[in-house]
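The values are calculated or read from the model by the stated rules, or taken from the named source; none is laboratory data. Predicted model only: the values in this text are computed from it and were never measured. Glycine also receives a Cβ, built like all others from the backbone with ideal geometry; neighbour counts cover every protein chain displayed. Calculation scope for accessible area: heavy atoms of the full protein, side chains included, ligands and nucleic acids excluded. Shrake-Rupley method; radii C 1.70, N 1.55, O 1.52, S 1.80 Å.
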Amino acid sequence: MDILIIILLIAVAIKLISTRSKYSLHMAQLEGYDPELFKKWIENNKDKAFSLQKSNQPIKKPLVFTQRATRLFKANLFLNGLILLVPSIIYLSTKNVILYIVILIVFYLLYNFQSLIMYMSTVIMKPVEDKINMGFYVSAQKKIEAREDLNVIGITGSFGKTSTKFIVGTILSQKFNVLNTPESYNTPMGLSKVINNDLNSDHEVFVAELGAKVIGEIREVAQLVQPKIGVLTNIGPTHMETFKNIENIMKTKYELIEELPTDGVAIFNYDNEHIKKLADKTFKEKILYGLEETEKLNLYADNIVVSELGSTFTLKDDKGNSVECTTKLLGKHNISNLLAGASVALALGFSFEDISKGIAKVEPVEHRLNIINSGSGVIVIDDAFNSNPIGTKAALDVLGQFKEGKKIIVTPGMIELGEMEEAANREFGVNIGKVCDYVILVGEKRTIPIYEGLMETNYNKDNIFVVNNLDEASVQIGKIAKPKDVVLFENDLPDNYSE
């Protein structure tokens, strides 16, 4: 009889823990299943990690039960069951009724501190996952090695790499069968998945976005995709909590150029002060593009006209060739991204006319300064993907191009900027004050530096609204926005970020 009661008790406990553990699993997934990053999340979000109340905040990116998530979920339940089993076995051996109370206390601790148990599960599963991942990685690497006819283009940078990837793909698609990595697939596992599942013998070009958060990661993904052409888009202060300083970011991004073959082509954004230093020390074949110091560049844009509808410019090279270009993309920074795409096309033998035709076909990338038709006459600019100091200036420049209507910004500010985050957000506030008529700040504590920056410009406090989430921001927009007004959504924090 006792054993049946114990089995029933453990079954009920596991059922309750199973439900509660999904929140921890979700956060672990958003932290990339990295035990150290998940541990850091727990330390910085104790109220969320150990709260017994379900959050009422809307979920932006829900938990996805991938094969890896399922393995971690099962491993976590097994670990919980194992811990519960110990006092249960002792009770069955000793028949000491006090152990009933011990079992209930153990259950309470497991339930309450489920985030810590999930952390232990990530640690236990890491060697298993590393072995599985290595199998996918090697398989993908061999598949690329076997394709000598395949042109692989690697693109990296602190920002601009996703937009540049789609631009390159669009221009090259006029002549080649191109495979782009989707969305922001830029990690070893994301790239391995695309290569193993999607790359086939019909593809002539593979355009791969390469991402990194620590030194060595670009080398790892470059050795996987083995690019013949490498593009450095921009270097700036992103992921500063892991990189610590700009020098480490430069070193990491340059790993792509170091991994190019001797006959490879390195393409540099020469306007970026950090990339300029890297380009100057490179002795491989290279193409320099930009908008400044045009006498030193191989490819550049001239006669630039930027409006709220897009841009026109003349594409020129150092050999005297030129062609007129028109693009739907907003902002001067996107002309720089288009130049990166044009440089790749040039390296693959495209004519200027074909490049111009390709540029005209480039569509805005979702969440990167693309205009959304709200259906109400209010113009919405979606720049919700991962803000940085340069990107926020570009977004405000675009907002400033609009001649009619009130200008409204909705933002939680910038993150992952390390020690410079507070100062950068304060400067962001100063810049907002010069452009916007209304400001909606998402998150009271997080946006204090932006508020302080606004006060430095003597901004009208009555035109600043502080809300808790985007749902509340939408309600506020409904109260102040009228047709022809422009609303800029600048950055949107993932679910694992909080006040």
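Overview of values
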item: Violating pairs (Cα-Cα greater than 19 angstrom) within the set Lys22/Lys48; Lys22/Lys193; Lys48/Lys213; Lys434/Lys482; Lys406/Lys445; result: Lys22/Lys193; Lys48/Lys213; Lys434/Lys482; Lys406/Lys445
item: Net +/- balance of residues flanking Thr70 in space, Cβ distance below 14 Å, scoring K and R +1, D and E -1; result: +3
item: Distance from region 109-157 to region 433-481 (C-alpha centre basis), Å; result: 40
item: Between region 169-202 and region 43-105, the alpha-carbon center distance in angstrom; result: 39
item: Per-selection Rg to Rh, region 16-159 - Cα, Kirkwood hydrodynamic radius; result: 1.13
item: Prolate/oblate/rounded label for region 345-431 (Cα gyration tensor, a/c 1.5); result: oblate
item: For region 186-300: rounded, prolate or oblate by the Cα gyration tensor [a/c cutoff 1.5]; result: oblate
item: Contact order relative to length of the chain, as percent, for alpha carbon pairs under 8 angstrom and 6 or more apart; result: 12
item: Sum of side-chain charges, Glu209 neighbourhood, beta-carbon under 10 Å (Lys, Arg +1; Asp, Glu -1); result: +1
item: Surrounding net charge for Ile195, when Lys and Arg each add one and Asp and Glu each subtract one, Cβ distance under 12 Å; result: +2
item: Apportionment of accessible area to carbon and sulfur, the chain, percent (1.4 Å); result: 56
item: Of the trypsin sites (Lys or Arg not before Pro) in region 66-106, those whose Cβ has at most 15 other Cβ within 10 Å and which sit in DSSP loop; result: Lys95
